[in-house]
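The values are calculated or read from the model by the stated rules, or taken from the named source; none is laboratory data. Since we're looking at a predicted model, the values are computed, not measured. Don't worry about glycine lacking a Cβ; one is built from the backbone with ideal geometry, like all the others, and counts go over all protein chains shown.
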């Protein structure tokens, strides 16, 4: 394990590693978006330190839980709308456009990778996306602005206009099954990669935290870019400390 704490040195090393690789997979967590002003969910001042999460079963069973979940989603989306993709988001989008990065796997639900220019066919959102909504029964898309207007008008959580099922923000809640297709896409990309770069993730949330391990055991070089230590630092080839935007500046 090579730990680099100088951000300039780390930035140049990352550029060299990506330049030498053929099939790069980028894996991002909350740390990349906190530099755009999006609060994380598990840090010292994180969202879950201030309020209890709403579990999937509670959302399904309780109208009050559904309304509270929607209230939080609308508040979060206003924060997201005020944020802009940062230098790391833009650098990753350029690497995708240049053919170096074959997949961007993200735990984030803020849509900033799309806004930075990462095409949907390269983006794997394993925790979903809070800027969309869908029916839990038939997967019909529902516009968030229309959902908010309906709740304001009726005081009730929305039902699907097609089948009458519950409508929910397209994020994976606590207790909800991970999206099978997204996880299969992630595993396929990892198996074909020769460099896996984990960016801004605490690497503590499963099953997402198992992806860097899978990459390492599949033969990829593993690079971890994070401000703080992670449980997987010991198996990484390189650990780059410091602000993510600065580490990505050479790209």
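Only a single criterion out of (1) more than 24 Å from residue 18 (Cβ to Cβ); (2) at pLDDT 95 or above; (3) not in a helix (DSSP H, G or I) is not satisfied by residue 104, namely (1). Take the conditions (1) within 27 Å of residue 53 (Cα to Cα); (2) out of contact with any strand residue (DSSP E or B) (no Cβ under 6 Å at 6 or more places or on another chain); (3) outside any strand (DSSP E or B); residue 212 misses just one of them, which is (2).
Is there a residue being surrounded by fewer than 18 Cβ atoms within 10 Å (Cβ to Cβ) and touching a residue at least 12 places away in the same chain (Cβ under 8 Å) anywhere in the stretch 91-98?
Our first condition is that a residue be surrounded by fewer than 18 Cβ atoms within 10 Å (Cβ to Cβ); within the stretch 91-98, this holds for 94, 97-98.
Among the residues that remain, those that are also touching a residue at least 12 places away in the same chain (Cβ under 8 Å) are: 94, 97.
Yes: one or more hits.
Residues that are buried (at least 17 other Cβ atoms within 10 Å of the Cβ), modelled with pLDDT under 95 and within 15 Å of residue 124 (Cα to Cα) within the stretch 188-208 comprise just one, 208.
Can you confirm whether residue 71 is in the same structural domain as residue 157 (by TED's automatic domain parsing) and surrounded by fewer than 18 Cβ atoms within 10 Å (Cβ to Cβ)?
Taking the combined requirement at face value, the residue satisfies it.
Candidates are the residues of the stretch 215-229 that are touching a residue at least 24 places away in the same chain (Cβ under 8 Å) and in contact with a strand residue (DSSP E or B) (Cβ under 6 Å, 6 or more places away or on another chain); the one that is surrounded by the fewest Cβ atoms within 10 Å (Cβ to Cβ) is 221.
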